[in-house]
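One structure is given here, and the rest of the page talks about it.
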Amino acid sequence: MDNRKISEMRNLGPVCEEILCAAGIETADHLIQLGVEEVFERMVAVRMARGERNIIHAAFLYALYGAVEDCDWQEVPEPKKIEFKSIAARLRRKYG
C-alpha cells in the first residue's frame, strides 16, 4: 500500500494535492487504484464546480500518468499521449 501524500508523487505538487483531496483522493494508492482517467475526470469535476474554465488539457493526464509510472510528464510514450488527447477532447465535448 502506497500511503504517500499526492504532493510526494512525481509531477504533482500542493495545488494538485488540494484539488484531488477535494475530489476525495488523498493518497498515492488511491490515485493508482482509481486510474489516471477516473482521477482526471474527478479533478475536472471539482474545478468545474469551482467555476474554473479552460481546464481540460491532456498535459494534466500526462502528469498523472507520470506520477503513477514514476516518470517525467514529458516522457509519456506517444501512444499514451494520443490516448490522453482523445480523453481530453471527449471531456471538452462533455463539459462544453
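Couple of notes before you dig in:
- Odd one out for residue 12 among (1) more than 21 Å from residue 90 (Cα to Cα); (2) part of a loop (DSSP other than H, G, I, E, B); (3) of a type in the set (A, V, I, L, M); (4) free of Cβ contacts under 8 Å to residues at least 12 places away in the same chain: (4)
- Subset of the stretch 39-62 (residues that are part of a helix (DSSP H, G or I), over 11 Å from residue 84 (Cα atoms) and hydrophobic (A, V, I, L, M, F, W, C)): 39, 43, 44, 45, 46, 48, 49
- Residue match in the stretch 46-59 (condition: surrounded by 15 or more Cβ atoms within 10 Å (Cβ to Cβ), in contact with a Phe, Trp or Tyr (Cβ under 6 Å, 6 or more places away or on another chain) and closer than 18 Å to residue 11 by Cα): yes
- Residue within the stretch 25-38 that is more than 27 Å from residue 96 (Cα to Cα), outside any helix (DSSP H, G or I) and not acidic (Asp, Glu) present: yes
- Test: residue 21 is modelled with pLDDT of 95 or more and either part of a loop (DSSP other than H, G, I, E, B) or exposed (fewer than 14 other Cβ atoms within 10 Å of the Cβ) (or both): no
The values are calculated or read from the model by the stated rules, or taken from the named source; none is laboratory data. Everything numeric in this text was worked out from a predicted model, so none of it was measured. Cβ coordinates were reconstructed from backbone atoms using ideal geometry, including for glycine residues, and neighbour counts include every protein chain displayed.
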